[in-house]
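Taken together, the values in this text are just the output of simple stated rules run on the coordinates, not laboratory data. Here the structure is a predicted model, which means the values were calculated and not measured. When we count neighbours, we look across all protein chains shown, and the Cβ atoms used for this are built from the backbone with ideal geometry, even at glycine.
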Amino acid sequence: MTLSEERLKRKLEKEEVERKRVQDLFDFDSSYGEGIYLAGVDEVGRGPLAGPIVAASVILDLKDEESISKLFGINDSKKLSPKKRESIALTIKDVALAYSIEELSPELIDMKGISWCNNEVMKKACEKLSIVPDLVLSDGYAVKGLSFKNSYVIKGDAKSASIAAASIIAKVYRDSLMAEYSMKFPQYGFERNSGYGTKEHTDAIRNYGPCEIHRRSFIHNFI
């Protein structure tokens, strides 16, 4: 076998492993029932010192082979590079039967608390879907007050195609939003830290004080 043939063989083997991994994510969702609208929901931005909390909900066509092949690479958003997330997010929006993105402000987080906002933003994302889901899969724990049937999956963004899709578009949306805020508040490095408590960020809070998108209830140790 020549070197080029060996490289081609390894490439095809790698593609087959990825195809099976993604198919398993779709099969996991399909195992909840045939012919139902299943929505995955996930949030991003629970822990940052600044910016909103964001949730997305996605309904995929779990039996559409073309959609499955287009979503090779789909995974827990934290395991993907920013460039890969942005590319897959566009594909998810293109192939999804329905998707919704919702956010709650830093002011509401300070007023209501992060636990309430975490649940509320996921609830809103599901309720704003253009298709009424028969079942909602959430990552880690159930969504309280949801008017739809709800099952939760531990580490769901690594097991469920629908939850992984939701985690990706929520992450891309929030990162883009924080990059926009960085142009208004350049001293905090939001384009790099997305509002999380990096040394650069906490030093900037100490030096410049908080800005309008900081969560006052999160930053009392730095001001």
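One table, with the values for the structure above:
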| item | result |
| --- | --- |
| In sequence order, calculated HN-Hα J values of the stretch 28-39 (Karplus, 6.51, -1.76, 1.60; Hz; x Gly/Pro) | 4, 5, 5, 5, 7, x, 8, x, 10, 8, 9, 10 |
| Cα pair distances in the stretch 1-115, grouped into 5 Å bins until the bin that holds the longest one, percent each | 2, 9, 15, 18, 16, 12, 10, 7, 4, 2, 1, 1, 0, 0 |
| Cβ-based charge dipole, the stretch 3-176, positive-most Cα from A158, F148, V41 | A158 |
| Cα→Cβ-extended label distance, 7 Å offset, between D24 and K199, nm | 3.8 |
| Computed FRET value (nearest 0.05) for K14 with D64, which takes r as the C-beta separation and R₀ as 22 Å | 0.40 |
| Computed label-point distance, nm, for sites M111 and Y208 using a 7 Å Cα→Cβ extension | 2.6 |
| Fluctuation leader among G156, G195, G73 - the chain, Gaussian network, Cα springs under 10 angstrom | G73 |
| Fewest-first sequence of C211, C117 by Cβ atoms within 10 Å of each Cβ | C211, C117 |
| Potential lengthening between K93 and V132 on full extension [0.36 nm per residue; Cα-Cα distance subtracted] | 12.3 nm |
| Surface/4 of the Cα convex hull for the chain, nm² | 14.4 |
| Ellipsoid equivalent to the stretch 93-223 - semi-axes via the Cα gyration tensor, in Å | 31, 16, 13 |
| The chain, helix-only ellipticity at 222 nm - DSSP H runs n ≥ 4, -39,500 (n - 2.57), divided by all residues, nearest 500 | -15500 deg cm²/dmol |
